[in-house]
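The values are calculated or read from the model by the stated rules, or taken from the named source; none is laboratory data. None of the values given here were measured: they were computed from a predicted structure. When we count neighbours, we look across all protein chains shown, and the Cβ atoms used for this are built from the backbone with ideal geometry, even at glycine.
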Amino acid sequence: MFVAHSIAADHKDLIHDVSYDFHGRRIATCSSDQSVKVWDKSETGEWHCTASWKTHSGSVWRVTWAHPEFGQVLASCSFDRTAAVWEEIVGESNDKQRGQSHWIKRTTLVDSRTSVTDVKFAPKHMGLMLTTCSADGVVRIYEAPDVMNLSQWSLQHELSCKLSCSCISWNPSSSRVHPPMIAVGSDDSNVTYGGKVQIYEYNENTRKYAKVETLSTVTDAVHDVAFAPNLGRSFHVLAVATKDVRIFKLVPLRKDSSSTGPSKFEVQLMAQFDSHNSQVWRVSWNITSTLLASSGDDGCVRLWKANYMDNWKCTGILKGDGSPVNGSSGQSSTLSAALGSGTSQGTLNAVGGRNSKRTPFTPPLRRFTSPKIYHQPAYY
């Protein structure tokens, strides 16, 4: 059973994204009203808006947190063709500001010629790196050489994807066996052109990223992609949100010991679900990659879980108001997520489980105006 209560977001337009921080105690929201808001969870479990500021001169599509090892840092991207990096500073200059925090812009990334559609920080073990993708079909990877000076970012790589880019996901694996890897999704509407998801891998010898795989069976517009946490697997798992939910398995083929070229993969479709009967906007994994959450235009959040035979099943459905569908209770107690309802009224839904303090999902949602927070009572 899930319990819901609402948050008065006070955004003046549609909310496009919500992001939990690493510990699940803070939420950032962004909106077409050109602002970003930060919400902190109190000891009583209530969420309070602790900061709100104008970030861009156009709709803000995405907002994301850096790992707390680098401080309280946010990145946002916008229709205004820019991405920005923000840092929270605790005022100490005078008695009035002492102990109070405020967010300041550290840099604006202006390389894109069109709308910047997604922004993601790289996994912590790679250092402080930031990736953006744009409607101009270019993925850009930036690095902060000095983590103490976030005003300096250098453009390290530009990847031309040939198609308009809508979403990106880093492979979180920290294994030395797996080079850094990025999945890029395209929302190009031309269904005759396959390969709307492309996989890029870093080559240590050339010190460049190269395309190693194209998921040619994905022909519809892609709205979100999400690599599952690896946890020591020899293969990779990627979820794709398009007009349905798809889960792919990427198995690296054994390379010759003298080979220095890009990796080759065997791509397997593990599962495909059209239960939303509509566009799917977000997909998100739990920390153990045993549970996938998806949200779509049907106004529902659906939870997917694999059994011991590796067969994926729907284990729970939540409507926009948090109530279960068809008696489903959302059985997985490890769920911790912010999920979008996709209803015409637009609500922000956050679902929490026993691990919600340490293992929050990235929120799968699209557009909404008045947040709701869901949590599963800890009666175990």
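Here are a few things to note about the model shown:
- Within the stretch 48-57, none of the residues are in contact with an Asp or Glu (Cβ under 9 Å, 6 or more places away or on another chain), of a type in the set (K, R) and free of Cβ contacts under 8 Å to residues at least 12 places away in the same chain.
- Checklist (1) under 25 Å from T108 (Cβ atoms); (2) assigned to a loop (DSSP other than H, G, I, E, B) applied to G194, failing item: (1)
- Residue within the stretch 134-157 that is part of a loop (DSSP other than H, G, I, E, B) and under 30 Å from R254 (Cβ atoms) present: no
- Of all the residues in the stretch 7-60, those that are of a type in the set (V, I, T), within 17 Å of S78 (Cα to Cα) and at pLDDT below 95 number 2.
- Residue match in the stretch 231-248 (condition: outside any strand (DSSP E or B), under 19 Å from I168 (Cβ atoms) and touching a Ser or Thr at 6+ places or on another chain (Cβ under 9 Å)): yes
- Against the criterion of being part of a loop (DSSP other than H, G, I, E, B) and of a type outside the set (D, E, K, R), T44 qualifies.
- The lone exception for V222 - which of (1) at pLDDT 95 or above; (2) over 14 Å from S169 (Cβ atoms); (3) of a type in the set (A, V, I, L, M) it fails: (2)
- For beta carbons closer than 7 Å, sequence separation of 6+ or different chains, a first residue in the stretch 128-142 that is free of Cβ contacts under 8 Å to residues at least 12 places away in the same chain and a second that is part of a strand (DSSP E or B), there are no qualifying pairs.
- A search for C-beta distances below 7 Å between a residue of the stretch 275-298 that is under 17 Å from D220 (Cα atoms) and at pLDDT below 90 and any residue that is of a type in the set (D, E, K, R) and in a loop (DSSP other than H, G, I, E, B), counting only pairs 6+ apart in sequence or on different chains, returns nothing.
- The set of residues in the stretch 113-133 that are outside any strand (DSSP E or B) and in contact with a Cys (Cβ under 9 Å, 6 or more places away or on another chain) contains only S115.
- Whenever a residue of the stretch 144-161 is among the β-branched types (V, I, T), its partners that are modelled with pLDDT of 95 or more and part of a loop (DSSP other than H, G, I, E, B), lying with C-beta atoms within less than 7 angstrom and at least six residues away or across chains, give the pairs V147/L128.
- Single match in R246, R233, R302 (criterion: at pLDDT 95 or above and within 23 Å of the chain's Cα centre (by Cα)): R246
- The stretch 197-230, residues that are buried (at least 21 other Cβ atoms within 10 Å of the Cβ) and either on the phi > 0 side of the Ramachandran plot or outside any loop (DSSP other than H, G, I, E, B) (or both): V197, Q198, I199, Y200, Y209, E213, D224, V225, A226, F227
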